[in-house]
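Following: one structure in structure tokens, then a few remarks.
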Amino acid sequence: MLAALLFRQVVREGTLTVVDAAGKAETFGRGSPRVTVRMHDRATEYKLLVNPKLCLGEAYMDGRLTVEEGSLYDFLELAGRNVVNVENHPLWGVFDRVGRALRPIQTFNPVRRARRNVAHHYDLSGELYDLFLDTDRQYSCAYFRSSDEDLDTAQQNKKRHIAAKLQLDRPGLRVLDIGSGWGGLGVYLAETFDANVTGVTLSTEQHSYSRDRAAASPAADRLDFQLTDYREVEGPFDRIVSVGMFEHIGRRNYGPFFRTVRDLLTDDGAALIHAIGYADSPGPINPFMRKYIFPGAELPSLSEVFSAVEPTGMWATDLEVLRLHYAMTLRAWRERFLANQASVEELYDERFVRMWEFYLALCEVGFRRRTNMVWQLQLTRRVDTLPITRDYMVDAERRLLAAEENPVKRASQSAT
């Protein structure tokens, strides 16, 4: 069994039984979880041996590898526990080194390529996203105040949490939302705080949906969603927020991104950047994710982020690291996605379902077993723009929650 050359050296935690194309079964490791997978052709065994991080997802997506005991998540969770044994192997480590060397080329992201990369993922059918996201179509890490909260509640928490950090302490503030998605955050800020919100996205689907939302909002005259790149926006803005967009700009654009944020801010402005990153050293993203899900994407380590911020002269006034919040978000998405599997197949096909199941499960494992995390970085141009303690964030968040629970009060009044 060719697969034995890989799994015998890798699997230390959990029990994995592999059935090869000839029907021969071999078991590796011990303990739980117990997982059995079957490989349906010999070529798959060769590919897994050479480049497992890419070929594992491809094999599952194409039906050349199936899970017969346990679930796909169980299999990937077992792999996540043991992946360090792959990374330390001299042969398989070659692919990581090649990936690091190619990283600047793979993440080169001029405006034309950025539009193409965004369209690959975000211009899929809106019906697809309605099948697994919350009712506000928040496609980023939710914020769970407790483990038993549902997804809609946690996503509302996220918007409230971000708003508190922006200190929208007076009506009429000009807010730029970079990577505004389907408009949920922008609408929330405009309606709750009487802010003038400009949202920018490169997704035609998101832009159309956001404009419809804006037209139906009581804050329609203060909402402007544009189909444009952030590098083409003219300021100034009192506040800038960006949620789940920084991952798509590419490493070579980190410095220009933060310089753009600085230049678009007023002298007393503040920005809040929310993104996925690594808790350890810089490196390329999973090759399956780059090839099939998020082309051009890159997850930064904090050392890369601060190296890009420091030359701008801006103050990093607050940093928060969210750890398991995204794992919980991804689990909720995956459960909803699989519950609506038949509807997804009607929109696309079985291969698409397997591809996205693999994507959602792999990412959850990344936050539970690997070094993925979410960071929220607050930036200002001046040292004295914001209060010198964090109490104002907590107080504002609590006032916003109280106002939501008591609709008679206006949240904008309670947040001042």
Residues within the range 247-259 that are out of contact with any helix residue (DSSP H, G or I) (no Cβ under 6 Å at 6 or more places or on another chain) and either closer than 19 Å to ARG381 by Cβ or assigned to a loop (DSSP other than H, G, I, E, B) (or both), tallied: 3
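Yes/no matrix, rows are residues, columns are (1) in contact with a strand residue (DSSP E or B) (Cβ under 6 Å, 6 or more places away or on another chain); (2) closer than 21 Å to ARG262 by Cα; (3) hydroxyl-bearing (Ser, Thr, Tyr):
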site	(1), (2), (3)
ASP169	no, yes, no
VAL175	yes, yes, no
SER180	yes, yes, yes
SER210	yes, no, yes
Say we look at the range 263-281 and pick out the residues that are surrounded by fewer than 18 Cβ atoms within 10 Å (Cβ to Cβ) and either within 17 Å of the chain's Cα centre (by Cα) or of a type in the set (D, E, K, R) (or both); which of these is nearest to ASP229 (Cα to Cα)? ASP263
Mind checking which residues of the range 140-155 are farther than 18 Å from SER180 by Cβ and not acidic (Asp, Glu)? TYR143, PHE144, ARG145, SER146, SER147, LEU151, THR153, ALA154
Any hit, the range 291-305, residues being free of Cβ contacts under 8 Å to residues at least 40 places away in the same chain and either of a type outside the set (Ser, Thr, Tyr) or open to solvent by 30 Å² or more (accessible area, probe 1.4 Å) (or both): yes
Take the conditions of a type in the set (Gly, Ala, Ser), farther than 20 Å from VAL243 by Cα and modelled with pLDDT of 95 or more and apply them to ALA361. Does it pass? yes
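Can you name every residue in the range 134-189 that is part of a helix (DSSP H, G or I) and basic (Lys, Arg)?
LYS158, LYS159, ARG160, LYS165
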Just the residues that are in contact with a helix residue (DSSP H, G or I) (Cβ under 6 Å, 6 or more places away or on another chain) and open to solvent by 30 Å² or more (accessible area, probe 1.4 Å), please, taken from the range 169-201. ASP194, ASN196
For the range 260-282, give me each residue that is touching a helix residue (DSSP H, G or I) at 6+ places or on another chain (Cβ under 6 Å) and over 26 Å from GLU232 (Cα atoms). PRO282
Residues that are open to solvent by less than 40 Å² (accessible area, probe 1.4 Å) and within 26 Å of VAL353 (Cα to Cα): find the helices (runs of 4 or more DSSP H) completely inside the range 1-86 holding 2 or more of those. 42-50, 52-61
Looking at the range 174-195, is at least one residue among the small types (Gly, Ala, Ser) and more than 22 Å from the chain's Cα centre (by Cα)? yes
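Condition first: within 27 Å of GLY283 (Cα to Cα), open to solvent by less than 40 Å² (accessible area, probe 1.4 Å) and among the polar types (S, T, N, Q). Can you find one or more residues in the range 248-257 that meet it?
Scanning the range 248-257 turns up at least one residue that is within 27 Å of GLY283 (Cα to Cα), open to solvent by less than 40 Å² (accessible area, probe 1.4 Å) and among the polar types (S, T, N, Q).
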Checking the conditions here, which among GLY57, GLY29 is on the phi > 0 side of the Ramachandran plot and not hydroxyl-bearing (Ser, Thr, Tyr)? GLY29
Checking LEU338 against (1) farther than 30 Å from ARG382 by Cα; (2) touching a residue at least 24 places away in the same chain (Cβ under 8 Å); (3) open to solvent by 20 Å² or more (accessible area, probe 1.4 Å); (4) of a type outside the set (S, T, N, Q), only one condition comes out false. Which one? (2)
Return yes when ALA215 is surrounded by 19 or more Cβ atoms within 10 Å (Cβ to Cβ), under 17 Å from SER180 (Cα atoms) and among the small types (Gly, Ala, Ser) and no when it is not. no
Of all residues in the range 287-334, which are out of contact with any Lys or Arg (no Cβ under 6 Å at 6 or more places or on another chain), in a loop (DSSP other than H, G, I, E, B) and on the phi < 0 side of the Ramachandran plot? PHE294, PRO295, ALA297, LEU299, PRO300, ARG323, LEU324
Among the residues of the range 327-362, count how many are within 12 Å of PHE132 (Cα to Cα) and β-branched (Val, Ile, Thr). 2
Selected residue (criterion: farthest from HIS161 (Cα to Cα)) from residues of the range 372-398 that are surrounded by fewer than 20 Cβ atoms within 10 Å (Cβ to Cβ) and aliphatic (A, V, I, L, M): VAL383
Are there any pairs with C-beta distances below 8 angstrom linking a residue in the range 151-170 that is at positive phi to a residue that is modelled with pLDDT under 95, with the two at least 6 apart or on different chains, and if so which? none
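The values are calculated or read from the model by the stated rules, or taken from the named source; none is laboratory data. Note that this is a predicted model, so its numbers are computed, not measured. No Cβ is skipped: glycine too gets one built from the backbone with ideal geometry, and neighbour counts run over all protein chains shown. Heads up: the accessible areas ignore ligands, DNA and RNA and are worked out on the full protein's heavy atoms, side chains in. Shrake-Rupley method; radii C 1.70, N 1.55, O 1.52, S 1.80 Å.
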